[in-house]
Amino acid sequence: MKYNTQHKKEVLELIKSYHGEHFSVEELYVNANVQKIKISLTTLYRLINELVEENILKKFYVDFTHNACYREANCENTDDHLHMICTKCNKLMHIESKDLINDFKNIEKDENIEIDMSKIVLYGVCDECKEKH
């Protein structure tokens, strides 16, 4: 049985502050400390795993480092975008290109395969880093 503890309530509020953006447990932990939420990293991992089991969070991997990212499961556009990691600042962003999504759907159809769009990661340079150089 899962309980709605004070920690869990505080973590859920903190997750809402990401407004549907991806986050890692480590980022959440740093943010919790900034917000003066006293929680151990172990407890945070346990709570995040519970939230994934309860289908409140969606867990996925965006690179080959085996570091998981999380996102609220009920957010809009959870499955109709690709991910891009900036090779300069490591920022993770959404690429919402209908043309590119349709290209992958056409590949699925033409090749009779199923592509897991949540695992496709593009690498490049974000706008902010482009402006700096």
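The values are calculated or read from the model by the stated rules, or taken from the named source; none is laboratory data. All values reported here derive from a predicted model rather than from experimental measurement. Note that we place each Cβ from the backbone using ideal geometry, even for glycine, and neighbour counts take in every protein chain shown.
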Hits in segment 104-129 (condition: under 15 Å from H83 (Cα atoms), in a helix (DSSP H, G or I) and in contact (Cβ under 8 Å) with a residue 24 or more places away in the chain): M117, S118, K119
Subset of segment 1-46 that is among the small types (G, A, S) and in contact with an Asp or Glu (Cβ under 9 Å, 6 or more places away or on another chain) - its residue that is modelled with the lowest pLDDT: G20
I need a count of the residues in segment 47-74 that are surrounded by 13 or more Cβ atoms within 10 Å (Cβ to Cβ) and at pLDDT below 80. 10
I'd like to know if segment 92-103 contains one or more residues that are in contact with a Leu (Cβ under 7 Å, 6 or more places away or on another chain), within 24 Å of H19 (Cβ to Cβ), outside any helix (DSSP H, G or I) and in contact (Cβ under 8 Å) with a residue 40 or more places away in the chain. no
